[in-house]
Amino acid sequence: MNSEKQLLRLLQLNGGTFPTGGFSQSWGLETYVAEGTVRDAGSFGEFLEVYLMTSIGNCEGPIICRAYELMEIMKVLHAAGEKESDVIAAQLRNLEQLSNAVKVTKESREAGLRMGRAFGRVIEPIAGEEAMLPLHEVFGGMNISYPVLYGCVCSILKLDREQALAAYVFSTANTLTQSALKLIPLGNVEAQQVLFEMDAYMEEVTRTCMETDVEHVTNFCPGIDIASLRHENLPVRLYMS
């Protein structure tokens, strides 16, 4: 697939109109705004940096990478007419367990599964049932967390892994910026300035995704986890997490 077509595919998969439900998640931002910790462009930028590195760079990103790698192996076996390796299938199932286990709070776990189901429901008829068949055989359906499914689908669609990760990082940052516009609220210029100045940092997060082995995955950010726990009891909520 040429680079222009890859770019268009990634823009579609990570765009705001692709119905994964990411727009309904604030990932703890709503709690921080309600409690006054995040109150302006500067404090939102700090939150965004922490979230991107801890939740994506050190956690979801390496999981996406590993899912992509395992699906690449599975595609080779499938093309050769061989039965999918039980070892590869087991590794994918273990990766799915890890993807859910590292989400400490109920809201974040449910959000990852909800987004995965939504993503799978839309992408399966687009990618084709035959291309998605290995996932059904491994998982018994499409009830797969978003990071694992995203990595597998990017491999199935023959998208460049690094570009797919960069698009995922940017999409997450963009979605949170849109939430900040509503919650803080920020002006359009302020919000876009934060995002514009985050490009070098997003590149660093993308590199971290690729350089972190799945055995070293961590989601250690107790502040965001506590914000997620408190979110369930906020008197007014616009977001699901």
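Quick note: the coordinates plus some simple rules give every number you see, no bench work behind them. Worth saying up front: this structure is predicted, and the values here are computed from it rather than measured. Cβ sites come from the backbone with ideal geometry, for glycine too, and all protein chains shown count toward neighbours.
Relative to the current alpha-carbon distance between Q12 and D86, full extension at 0.36 nm per residue lengthens the span by 23.4 nm.
Shape class of the range 162-235 from the Cα gyration tensor (axes a ≥ b ≥ c, square roots of the eigenvalues): oblate, since a/c reaches 1.5 or more and a/b does not exceed b/c.
Using only Cα atoms and rounding to the nearest 10 degrees, what angle (0 to 90) does helix 146-156 make with the longest principal axis of the chain? So the inclination is approximately 40 degrees. Given axes a ≥ b ≥ c from the Cα gyration tensor, I'd like to know whether the range 62-111 is rounded (a/c under 1.5), prolate (a/b larger than b/c) or oblate. Taking the square roots of the gyration eigenvalues as a ≥ b ≥ c, the range 62-111 is prolate. Cross-link partners of K182 among aspartates and glutamates, defined as those whose alpha carbon lies under 14 angstrom from its own and excluding same-chain residues fewer than eight positions apart: E30, D40, E190. Loop-located GluC sites (Glu not before Pro) in the range 1-99 (DSSP state not H, G, I, E or B) with no more than 11 neighbouring Cβ atoms inside 10 Å: E82. Pairs of Cα atoms nearer than 8 Å and 6+ residues apart set the relative contact order; for the chain it is 40 percent. Restricting the calculation to Cα atoms, every distinct pair contributes to the Kirkwood radius of the range 1-44, found to be 13.0 Å. Counting 0.36 nm for each residue step from E204 to E46 and taking away their Cα separation leaves a gain of 55.4 nm. Against the chain, whose longest principal axis is taken from its Cα atoms, helix 61-79 shows a tilt of about 20°. Working from Cα positions, state the angle (0 to 90°, nearest 10) between the long axis of helix 161-183 and the longest principal axis of the chain. Once rounded, one gets 30 degrees. Centre-to-centre, using Cα atoms only, the range 84-102 and the range 1-68 are separated by 23 Å. The alpha-carbon of K5 sits under 27 angstrom from the alpha-carbons of these lysines, leaving out residues fewer than 8 places away in its chain: K75, K158.
For the range 41-145, the relative contact order is 25 percent, taking Cα pairs closer than 8 Å that sit 6 or more residues apart in sequence and dividing their mean separation by the residue count.
Taking percent of Cα pairs over 28 Å apart as calculated from this structure, the corresponding entry among (1) 26; (2) 29; (3) 32 is (2).
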